[in-house]
Amino acid sequence: MDRRNGTAGAETSSIPADILLTWYGETARDLPWRRPGVTAWQILMSEIMLQQTPVVRVEPIWLEWVRRWPAPSAMAASTQAEVLRAWGKLGYPRRALRLHECARVLAERHGDEVPAEVEVLLGLPGIGDYTARAVACFAYGQRVPVVDTNVRRVVARAVHGRAEAGNAAARDLVETEALLPLAVEPAARFSAALMELGATVCTARSPECSRCPLPRCAWVEAGRPASQVVRRTQKYEGTDRQARGRLLDVLRDAAGPVERVRLDLAWTRDPGQRDRALDSLLVDGLVEQTGDGLFALAGEGER
């Protein structure tokens, strides 16, 4: 055990807690969900929004949601369609539906409060392993490992000397927990600092090693070996995901159910793809079809 850093494990000296925490205190981004007075519900909303979505796109929408839905019961009182419209173009709109469902459960079964226990959080709609630990850590200051792609990349490089972390595995939680200071309060800040380092300095494509506060990095010491992970560029133009977005745009802008022709005109390049996109929206519960054959956002299908 490294008593200086309050950590355990043979390799944990690669990330000294005191140095990382000092760096975080001096350079951390002023993100609104990190400010004093932010509730666990508001942090939960930010974590759901930030999944696969850049901070710059999330921040203005999160601020509007905090004003509009300051507590789970406020969101639960809104319709699914209202939440989907407010979600806008953040992408992956199923997250919005799951958050609306989560708000209802919180309001009805948890006294309008977000639980602090990881296991209880995991039982909520739309809350996965990462989100549960992020809320427990960032909202309640618990000593739990919070592992996202940024954290995995920092650990892979600084501790193991690999350019990339590879596929996620159960050992990621164990390895990250071993790095945490033993004391609860610095452990929670350490988790935030580790994530910040990966998001702003130890980035995937262009790591700025000259700005890194860590005194040692196994990857740098090994000569920064190239990644063995084959990257697959995720295109958006012309994909089913883009087609789904175009169809949802029509329904978000409509005052009520629309005729099928409105959706057909929104995506004319490939009718088969359009049909497939519409079917998937219906299956996901994002879109409803009325008894007379019109289409509407979830919750607006009744006429």
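The values are calculated or read from the model by the stated rules, or taken from the named source; none is laboratory data. It should be emphasised that the depicted structure is a prediction, and the values quoted were computed from it without experimental measurement. Positions of Cβ are backbone-derived with ideal geometry, glycine not excepted, and every protein chain shown enters the neighbour counts. Just so you know, the surface numbers come from the protein's heavy atoms only, side chains and all, with ligands and any DNA or RNA stripped out. Shrake-Rupley method; radii C 1.70, N 1.55, O 1.52, S 1.80 Å.
The table below gives the values:
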quantity	calculated
Checklist (1) in contact (Cβ under 8 Å) with a residue 12 or more places away in the chain; (2) open to solvent by less than 50 Å² (accessible area, probe 1.4 Å) applied to R260, failing item	(2)
Where S280 falls short, out of the listed (1) surrounded by 15 or more Cβ atoms within 10 Å (Cβ to Cβ); (2) of a type outside the set (A, V, I, L, M); (3) assigned to a loop (DSSP other than H, G, I, E, B); (4) touching a helix residue (DSSP H, G or I) at 6+ places or on another chain (Cβ under 7 Å)	(3)
The range 97-125 residues that are over 15 Å from T79 (Cα atoms), paired with ones that are open to solvent by 40 Å² or more (accessible area, probe 1.4 Å) and among the hydroxyl-bearing types (S, T, Y) (beta carbon under 6 Å, 6 or more apart)	D112/S73; A116/Y140
Candidate set from the range 263-277 (those that are in contact (Cβ under 8 Å) with a residue 24 or more places away in the chain and outside any helix (DSSP H, G or I)); member that is most open to solvent (accessible area, probe 1.4 Å)	R269
When residues of the range 115-142 are limited to those that are in a loop (DSSP other than H, G, I, E, B) and within 17 Å of the chain's Cα centre (by Cα), the one nearest to R244 (Cα to Cα)	G126
Number of positions in the range 10-69 that are part of a helix (DSSP H, G or I) and of a type in the set (D, E, K, R)	9
Tally of residues being within 18 Å of E300 (Cα to Cα), in a helix (DSSP H, G or I) and open to solvent by 20 Å² or more (accessible area, probe 1.4 Å) across the range 74-91	5
Number of positions in the range 238-257 that are in contact with a Phe, Trp or Tyr (Cβ under 7 Å, 6 or more places away or on another chain) and open to solvent by 60 Å² or more (accessible area, probe 1.4 Å)	1
Test: residue in the range 171-186 that is under 28 Å from R94 (Cβ atoms), in contact with a Phe, Trp or Tyr (Cβ under 9 Å, 6 or more places away or on another chain), surrounded by 17 or more Cβ atoms within 10 Å (Cβ to Cβ) and among the charged types (D, E, K, R)	no
Residue list for the range 92-120, restricted to those being among the aromatic types (F, W, Y) and open to solvent by less than 20 Å² (accessible area, probe 1.4 Å)	none
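This table checks each residue for (1) modelled with pLDDT under 95; (2) assigned to a helix (DSSP H, G or I); (3) open to solvent by 90 Å² or more (accessible area, probe 1.4 Å).
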| residue | (1), (2), (3) |
| --- | --- |
| G198 | no, yes, no |
| C202 | no, no, no |
| S206 | yes, no, no |
| S210 | no, yes, yes |
| L214 | no, no, no |
| A226 | yes, no, no |
| V230 | yes, no, yes |
| T233 | yes, no, yes |
| Y236 | yes, no, yes |
